[in-house]
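*Asks:* Let me begin by handing over the structure; questions about it come next.
Each value in this text was obtained by applying a stated rule to the coordinates, not by laboratory testing. Treat the numbers as computed from the prediction; the structure is a model and nothing was measured. Methodologically, a virtual Cβ is constructed for each residue, glycine included, from the backbone with ideal geometry; neighbour enumeration extends over all protein chains shown.
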Amino acid sequence: MIPNVLTVAGSDSGGGAGIQADLKTMLALGVHGMSVITAVTAQNSLGVQGAWELPVEAVRAQYRSVVDDIGVQAIKTGMLASAELVETVAELIGGTDAPAVVDPVGVSKHGDPLLAASALDSVRTKLLPVATVATPNLDEVAQLTGVRVEGEEQLRQAAAAVLAYGPRWVLIKGGHLSGDAVDLLTDGSAEHWLRAPRYDNRHTHGTGCTLASAIASGLAKGLSVPEAVAAAKEYVTGAIKAGFALGGGIGPVDHGWRFRERS
């Protein structure tokens with residue numbers, strides 16, 4: 001049986017991030033991707049021109065439809081937009097026996113807000129406690145905890161601040177720092193430092209969505225959290241290296257880079 005992975009996130013009409021990136025990643029990594037759409041965006045390589053969240057009833061119905069019939073081996077969350085949606089999704093995940101990767105999306109690659117300020121407390125108190133792995137970038141760490149990371153030596157402090165809200169593991173993504181792309185994965189005791197070369201490629205739209213979906217795919221296959229994160233880091237590094245121009249702004253990472261390498 002092919003493992004089933006469910007993404008609960010917003011739609012990116014440009015195809016580089018969100019639900020579209022999640023499903024491409026899942027296909028590339030050999031799992032069956034399914035979706036619960038939480039919001040629709042009008043989005044391209046230049047930014048987000050509009051966003052409309054779906055009603056809670058529509059999100060709940062999509063989730064129950066998929067989980068109750070097909071079942072899931074892992075869940076990934078992305079854009080949840082509002083406090084009401086955050087709390088609804090947290091409740092649904094809490095009642096599902098599957099690991100959950102929470103990407104606490106706050107802003108887009110272009111700086112457009114994707115989460116209402118009023119929803120931050122719900123992320124802290126409802127969503128993070130049900131996460132198997134939380135995957136904030138440095139801007140999201142600052143937004144959620146107030147900890148501002150200026151260098152690699154502060155990644156431990158950032159991790160401790162996020163872990164205080166209850167996820168089992170946290171992956172602090174240091175991609176915004178200078179030098180190598182360094183991430184810290186920890187559960188508060190074990191530490192795993194993941195390093196990759198930084199490629200001079202500005203086409204990195206969808207990096208966070210792709211990484212979180214790759215981790216969920218690994219967990220669905222039965223990998224441990226450190227194994228799933230290491231495999232996801234390798235996959236997303238290749239996708240960033242192969243990122244390509246699209247439209248007039250920031251292009252996406254290449255979710256199919258392994259397919260092209262083989263051919």
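*Asks:* Conditions first: (1) under 17 Å from A212 (Cα atoms); (2) among the β-branched types (V, I, T); (3) touching a His at 6+ places or on another chain (Cβ under 9 Å); (4) surrounded by fewer than 22 Cβ atoms within 10 Å (Cβ to Cβ). I37 passes all but one, so which condition is the exception?
*Replies:* That leaves (3) as the condition not met.
*Asks:* Right, another one. Which of the residues spanning the range 16-28 are out of contact with any strand residue (DSSP E or B) (no Cβ under 7 Å at 6 or more places or on another chain) and surrounded by fewer than 24 Cβ atoms within 10 Å (Cβ to Cβ)?
*Replies:* Scanning the range 16-28 gives K24, A28.
*Asks:* Might you check whether a residue that is basic (K, R), touching a residue at least 24 places away in the same chain (Cβ under 8 Å) and in contact with a Leu (Cβ under 7 Å, 6 or more places away or on another chain) occurs anywhere in the range 238-246?
*Replies:* Initially, the range 238-246 is screened for residues basic (K, R), giving 241.
This time we only want the ones that are touching a residue at least 24 places away in the same chain (Cβ under 8 Å), so: 241.
Those left that are additionally in contact with a Leu (Cβ under 7 Å, 6 or more places away or on another chain): none.
Looking for residues that are basic (K, R), touching a residue at least 24 places away in the same chain (Cβ under 8 Å) and in contact with a Leu (Cβ under 7 Å, 6 or more places away or on another chain), one finds none in the range 238-246, hence no.
*Asks:* Residues of the range 68-98 being of a type in the set (S, T, N, Q) and part of a helix (DSSP H, G or I), which ones? Steps first, answer last, please.
*Replies:* Step one: list which residues in the range 68-98 are of a type in the set (S, T, N, Q), which gives 73, 77, 82, 88, 96.
If the condition is that a residue be of a type in the set (S, T, N, Q) and part of a helix (DSSP H, G or I), then T88 is the only one that fits.
*Asks:* Which one of these is within 18 Å of C209 (Cβ to Cβ) and buried (at least 16 other Cβ atoms within 10 Å of the Cβ): A42, A9? Spell out the reasoning first.
*Replies:* On the way: A42 fails: buried (at least 16 other Cβ atoms within 10 Å of the Cβ).
Residue meeting the stated conditions: A9.
*Asks:* Sticking with this one: Please specify each residue of the range 217-244 satisfying the condition of being among the aliphatic types (A, V, I, L, M), assigned to a helix (DSSP H, G or I) and surrounded by fewer than 21 Cβ atoms within 10 Å (Cβ to Cβ).
*Replies:* Taking the range 217-244 as the starting set, the residues that turn out to be among the aliphatic types (A, V, I, L, M) are 219-220, 223, 225, 228-232, 236, 239-240, 242.
Adding the requirement that they be assigned to a helix (DSSP H, G or I) leaves 219-220, 225, 228-232, 236, 239-240.
Those that are among the aliphatic types (A, V, I, L, M), assigned to a helix (DSSP H, G or I) and surrounded by fewer than 21 Cβ atoms within 10 Å (Cβ to Cβ): A230, A231.
Here is a yes/no grid of residues against (1) in contact (Cβ under 8 Å) with a residue 40 or more places away in the chain; (2) in contact with a helix residue (DSSP H, G or I) (Cβ under 8 Å, 6 or more places away or on another chain):
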site: A21; (1), (2): yes, yes
site: V31; (1), (2): yes, yes
site: A51; (1), (2): yes, no
site: P55; (1), (2): no, no
site: A58; (1), (2): no, no
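*Asks:* Any residue at all in the range 17-27 that's part of a loop (DSSP other than H, G, I, E, B), in contact with a Cys (Cβ under 6 Å, 6 or more places away or on another chain), more than 21 Å from P167 (Cα to Cα) and of a type outside the set (D, E, K, R)?
*Replies:* Taking the range 17-27 as the starting set, the residues that turn out to be part of a loop (DSSP other than H, G, I, E, B) are 17.
Imposing the further condition that a residue be in contact with a Cys (Cβ under 6 Å, 6 or more places away or on another chain) reduces the set to 17.
Those still in the list that are more than 21 Å from P167 (Cα to Cα) too: 17.
Those still in the list that are of a type outside the set (D, E, K, R) too: 17.
So far as the range 17-27 goes, yes, one or more of its residues are part of a loop (DSSP other than H, G, I, E, B), in contact with a Cys (Cβ under 6 Å, 6 or more places away or on another chain), more than 21 Å from P167 (Cα to Cα) and of a type outside the set (D, E, K, R).
*Asks:* Follow-up question, since we're still on this one. Just to be sure, is A214 of a type in the set (A, V, I, L, M, F, W, C), surrounded by 24 or more Cβ atoms within 10 Å (Cβ to Cβ), without any contact (Cβ under 8 Å) to a residue 40 or more places away in the chain and assigned to a helix (DSSP H, G or I)?
*Replies:* Details: of a type in the set (A, V, I, L, M, F, W, C): yes; surrounded by 24 or more Cβ atoms within 10 Å (Cβ to Cβ): yes; without any contact (Cβ under 8 Å) to a residue 40 or more places away in the chain: no; assigned to a helix (DSSP H, G or I): yes.
No; evaluated as a whole, the condition is false for this residue.
*Asks:* Go through V162, V105, V141 for me and flag whichever is in a loop (DSSP other than H, G, I, E, B), of a type in the set (A, V, I, L, M) and surrounded by 14 or more Cβ atoms within 10 Å (Cβ to Cβ).
*Replies:* On the way: V162 fails: in a loop (DSSP other than H, G, I, E, B); V141 fails: in a loop (DSSP other than H, G, I, E, B).
Being in a loop (DSSP other than H, G, I, E, B), of a type in the set (A, V, I, L, M) and surrounded by 14 or more Cβ atoms within 10 Å (Cβ to Cβ) holds for just one of V162, V105, V141, which is V105.
*Asks:* Report yes if some residue within the range 203-210 is in contact (Cβ under 8 Å) with a residue 40 or more places away in the chain and small (G, A, S); otherwise report no.
*Replies:* Step one: of the range 203-210, the residues in contact (Cβ under 8 Å) with a residue 40 or more places away in the chain are 203-210.
Of the ones still in play, those that are also small (G, A, S) are 206, 208.
There is at least one residue in the range 203-210 that is in contact (Cβ under 8 Å) with a residue 40 or more places away in the chain and small (G, A, S).
*Asks:* Hey, another quick one. Failed condition for A196, given (1) surrounded by 15 or more Cβ atoms within 10 Å (Cβ to Cβ); (2) out of contact with any strand residue (DSSP E or B) (no Cβ under 8 Å at 6 or more places or on another chain); (3) not polar (S, T, N, Q), with all others met?
*Replies:* For A196, the exception is condition (2).
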